[in-house]
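Working notes for the structure below.
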Amino acid sequence: MAKEIKAKIKLQCPGGQATPAPPVGPALGQHGVNIGDFVRRFNDSTQKDMGVTLPVVLTVYADRSFDFEVKSPPAAVLLRMAAGLDKGSGTPNTLKVGTVTRAQVDEIAERKMVDLNAFEKDAAAMMIMGTARSMGIEIED
């Protein structure tokens, strides 16, 4: 018999570096989840993405057990890493802060494909390019 789902919690945690401090602790504590157990399991499963912000969807069941699914990093995080930036532009239309190549955009689109609502790589690449534009990052051909 399937377990009864009590809640779905969406968090963004640094890979391999999650701690019980906010926002993780309070979000899980209000649903009665064992915070230490989640932090340990999350950090063990995300060692390869150390320090990269990763979205995680936590499914909490009525018996306080839980499962979690780690998604691919947000496009903005991947674009910042590719361009070597700390943050995007505050005024993306006037102030350009970096550049990425079309090959880097295609690589990011391929990595994000499972989390995007696109059926073709070209459509996914267009989404990534839109994110880059909104961050003040230019795309080189």
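Note on Ser134/Val114: beta-carbon distance plugged into 1/(1 + (r/R0)^6) with R0 of 30 Å gives a FRET efficiency of 0.85.
Within region 1-102, the trypsin sites (Lys or Arg not before Pro) that combine a DSSP coil assignment with at most 13 other C-beta atoms in a 10 angstrom radius are Lys3, Arg64, Lys87. Dipole check for the chain: with +1 at the C-beta of Lys and Arg, -1 at the C-beta of Asp and Glu, and the Cα centre as origin, the magnitude is about 420 Debye.
Size descriptors for the chain, from the alpha-carbon set: Rg then Dmax equal 17.6, 57 Å. Only DSSP H runs of four or more residues enter the estimate; each adds -39500 (n - 2.57), and after division by the residues of the chain the mean residue ellipticity at 222 nm equals -10500 deg cm²/dmol.
Computed FRET efficiency, Cβ-Cβ of Gln17 and Asp37, R0 22 Å: what is it to the nearest 0.05? Approximately 0.85, to the nearest 0.05.
For the pair Gln47 and Leu95, a Förster radius of 41 Å applied to the C-beta separation gives a FRET efficiency near 0.70, rounded to the nearest 0.05. Computed over neighbours whose Cβ is under 9 Å from that of Pro73, the net charge equals +2, Lys and Arg +1, Asp and Glu -1.
Along the axis of the charge dipole computed for the chain (Cβ charges of +1 for Lys and Arg, -1 for Asp and Glu, origin at the Cα centre), the listed residues Ala123, Pro74, Leu28 are led at the positive end by Leu28.
Near the amide H of Thr101, within less than 5 Å, lie the amide hydrogens of Glu140, all on another chain or at least 5 residues away, with H placed in the peptide plane.
All of the numbers you see were taken from the coordinates with simple rules; none came from a lab. Nothing here was measured: the structure is a model prediction, and the numbers come from that model. When we count neighbours, we look across all protein chains shown, and the Cβ atoms used for this are built from the backbone with ideal geometry, even at glycine.
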